Amino acid sequence: MPRRRNISKSRFCVGLQCLRRLWWEVHEPDAPELNPDGRLQAIFDRGHRVGELARERFAVGTLIDFEPWKVTERLEATAAALRDGANVVFEASFAARGVFAALDVLERQRRGWGLVEVKATLDVKDQFLPDVAVQLYAARASGVDVRRAELMHLNRDCAYPNLDNLFVREDVTNDVEELIPAIPGQVRNMRATLDGKLPEIEPGAQCSSPYDCPFAQRCHPELPEHHVSTLYRLHAKRLAEFIGAGIETIHELPEDVRLSDVAARQVRAVKAGELVVENGLADALAAIEYPAAFLDFESINPAVPVWNGCHPYETVPVQVSCHVAGARGRAEHYEHLAEDADDPRPLLAEAVVRACGNTRTVVAYNAGFEARCLEHLAEVVPKLKKPLRTIRGRLVDLLPIVRDHVYHPAFHGGFGLKAVLPALVPALSYDDLEIADGDAASTALEALILAPDSITAPERRTLRKQLLAYCERDTLALVKLTERLRQMTT
Ligand code: SF4
């Protein structure tokens, strides 16, 4: 008879999402899909940092300080802390009725105990409730009289430098109590699944909700090129109709199918196997007057704000690249990247005004982001408010110009710069860069600026070079893309 295993609270939540995923996570704990990439690791690290800050909000507590796999030691230390009259226990651990759970905070109350789950988010999300419920279940089953359950999360109203209200606590006891009766059956089902063969479960909504499943590639068959699901902004219901009618690729769509203008252009391009350019492209490009600045910001969103007036997760621009080009001549390059953890915004604002101040148009791709960055800088650097707002007023967004006039089959339904550039300007790619997308840049920037001691000086120099190269490539891409679009009009 195989040893029955306890289900940890995180695996319990995985099992609620999909039993097949749970089976793989338990039977293949070393699966490559379970290795966190840089972005996921940064999210984990952020969660740990926020958890440590949350602990400081409590009176002195006893920390159950053993590695996660030292279950017996954790259980014994928890029992000892409770026996010794601790009022607050961090990482209190319980195993009962097939479940193991470590609680972020167990707090003695006037009557009974309260548990607090800390989340590095700005809101309570539905998917947090089963996580709290299974903790309540395990603690109660271990004989602890837990009467209240709370979620403690970051407070979007908190503004640096006053971090007294960094967290808010929300009572979720009633929501969680409703989930408790189902837990014994759910645990039985998960344990039975784990004792059997890999369950056959069809891919569906559970593959991305509430979290993206790391095993998606194992379950989802590779789709043929130009699958109907790549149609621009196709509604799920419409996709189901196409699939139900046996239509698998864009090539198979009937001639009279009703679609948006953009999707219809996509279909024409894919069926013809060639670039489609609409007549209005020249008029749209006329909005770009020279000298023109081609602008791109990179930003970070620290969970815990570090500069004046900033809120948790507020987007703060910390790097800029700008190519300034005349109608024909060579583009001149400007750039700025924060040096250290001092507030980078005044110097960044100066760099932007220096680069863009004398230009007639400021071109960005998906320019809403650049508009928000410019407004953010205008708010916090009052002496440059006027020129920054003037620059914002000159913004021209290249993305809708492309989306509404051009389609190349290699876009594959996307209009992001990383989809459009290789198709239209194949000589210019991101393949030679170490940092090649915005998420990676943001993660690297946060390490470089806010945790410089976590990396060595040579690593910092390398990271700076990589970040500067990435941001420069973004704005050079805008220059070249605009040139290419102009060629299409002649
Ligand atoms: S991809 Fe979907 S079906 Fe496959 S294990 Fe993940 S959630 Fe389950």
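Can you confirm whether Leu151 is open to solvent by less than 70 Å² (accessible area, probe 1.4 Å), touching a Lys or Arg at 6+ places or on another chain (Cβ under 8 Å) and modelled with pLDDT of 95 or more?
yes
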> In region 1-37, how many are within 12 Å of the ligand (Cβ to nearest atom) and acidic (Asp, Glu)?
Replying inline: 3
> Do we have any residue at all in region 159-168 that's within 17 Å of Val88 (Cα to Cα), assigned by TED's automatic domain parsing to the domain that holds Ala101 and crowded, with 16+ Cβ neighbours inside 10 Å?
Replying inline: no
> Does Ala364 satisfy the condition of being more than 30 Å from Asn279 (Cα to Cα), touching an Asp or Glu at 6+ places or on another chain (Cβ under 6 Å), assigned by TED's automatic domain parsing to the domain that holds Leu295 and touching a residue at least 60 places away in the same chain (Cβ under 8 Å)?
Replying inline: no
>> Please go through region 218-231 and give me each residue that is open to solvent by 40 Å² or more (accessible area, probe 1.4 Å) and within 8 Å of the ligand (Cβ to nearest atom), ordered by number.
In response: Arg218, His220
> Applying the selection to region 76-99, what residues are more than 14 Å from Ser142 (Cβ to Cβ) and in a strand (DSSP E or B)?
Replying inline: Val88, Phe90, Glu91
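I want to confirm something. Restricting to region 314-337 and keeping residues that are outside any loop (DSSP other than H, G, I, E, B) and of a type in the set (Gly, Ala, Ser), which single residue is nearest to the chain's Cα centre (by Cα)?
Just the residues of region 314-337 that are outside any loop (DSSP other than H, G, I, E, B), to begin with: 316-325, 332-337.
Retained after the next criterion (residues that are of a type in the set (Gly, Ala, Ser)): 321, 325.
Numbers: Ser321: 23, Ala325: 33 Å.
Filtering region 314-337 for residues that are outside any loop (DSSP other than H, G, I, E, B) and of a type in the set (Gly, Ala, Ser), the one nearest to the chain's Cα centre (by Cα) comes out as Ser321.
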> Name the pairs: first residue in region 305-330 and open to solvent by 30 Å² or more (accessible area, probe 1.4 Å), second residue assigned to a strand (DSSP E or B), Cβ to Cβ under 8 Å, at least 6 apart or on different chains?
Replying inline: Gly309/Ala159; His311/Ala159; Tyr313/Leu154; Thr315/Ser299; Thr315/Ile300
>> Against the condition surrounded by 14 or more Cβ atoms within 10 Å (Cβ to Cβ) and part of a loop (DSSP other than H, G, I, E, B), how does Leu433 come out, does it pass?
In response: yes
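Inspect all residues belonging to region 388-406 and state whether any of them is more than 20 Å from Phe369 (Cβ to Cβ) and modelled with pLDDT of 95 or more. Break it down into steps so the answer makes sense when it comes.
To start, the set of residues in region 388-406 that are more than 20 Å from Phe369 (Cβ to Cβ) comprises 405-406.
Still in the list and also modelled with pLDDT of 95 or more: 405-406.
Yes, region 388-406 contains at least one residue that is more than 20 Å from Phe369 (Cβ to Cβ) and modelled with pLDDT of 95 or more.
With the condition being surrounded by fewer than 18 Cβ atoms within 10 Å (Cβ to Cβ) and of a type in the set (S, T, N, Q), I'd like the helices (runs of 4 or more DSSP H) fully within region 358-417 carrying at least 1 qualifying residues.
Values: elements: 368-380, 385-393, 398-405.
Here the list reads 385-393.
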>> So Pro426 passes all but one of these: (1) within 24 Å of the chain's Cα centre (by Cα); (2) assigned to a loop (DSSP other than H, G, I, E, B); (3) without any contact (Cβ under 8 Å) to a residue 40 or more places away in the chain. Which condition number does it fail?
In response: (1)
> Going through region 232-252 one residue at a time, which ones are of a type in the set (Gly, Ala, Ser) and open to solvent by less than 60 Å² (accessible area, probe 1.4 Å)?
Replying inline: Gly246
> Which one of the conditions (1) within 27 Å of the chain's Cα centre (by Cα); (2) buried (at least 17 other Cβ atoms within 10 Å of the Cβ); (3) farther than 15 Å from Glu177 by Cβ; (4) among the acidic types (Asp, Glu) does Glu107 fail to meet, given that it meets all the rest?
Replying inline: (1)
> Any idea which of Ala477, Ala457 is free of Cβ contacts under 8 Å to residues at least 60 places away in the same chain and of a type outside the set (S, T, N, Q)?
Replying inline: Ala457
> Within the set of pairs 6+ apart or on separate chains, which have a first residue in region 209-225 that is in contact (Cβ under 8 Å) with a residue 40 or more places away in the chain, a second that is in a loop (DSSP other than H, G, I, E, B) and more than 6 Å from the ligand (Cβ to nearest atom), and C-beta atoms under 6 Å apart?
Replying inline: Pro210/Gln127
> Any residue at all in region 38-60 that is at pLDDT below 85, away from the ligand (no atom under 16 Å from the Cβ), in contact with a helix residue (DSSP H, G or I) (Cβ under 6 Å, 6 or more places away or on another chain) and not aliphatic (A, V, I, L, M)?
Replying inline: yes
>> If Pro181 satisfies all but one of (1) open to solvent by 40 Å² or more (accessible area, probe 1.4 Å); (2) away from the ligand (no atom under 16 Å from the Cβ); (3) touching a helix residue (DSSP H, G or I) at 6+ places or on another chain (Cβ under 9 Å), what's the number of the condition it fails?
In response: (3)
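The values are calculated or read from the model by the stated rules, or taken from the named source; none is laboratory data. Since the model is a prediction, treat every value here as computed from it, not as a measurement. With ideal geometry, Cβ positions are generated from the backbone for all residues, glycine too; neighbour counts draw on all protein chains shown. Heavy atoms of the whole protein, side chains included, go into the accessibility calculation; ligands, DNA and RNA do not. Shrake-Rupley method; radii C 1.70, N 1.55, O 1.52, S 1.80 Å.
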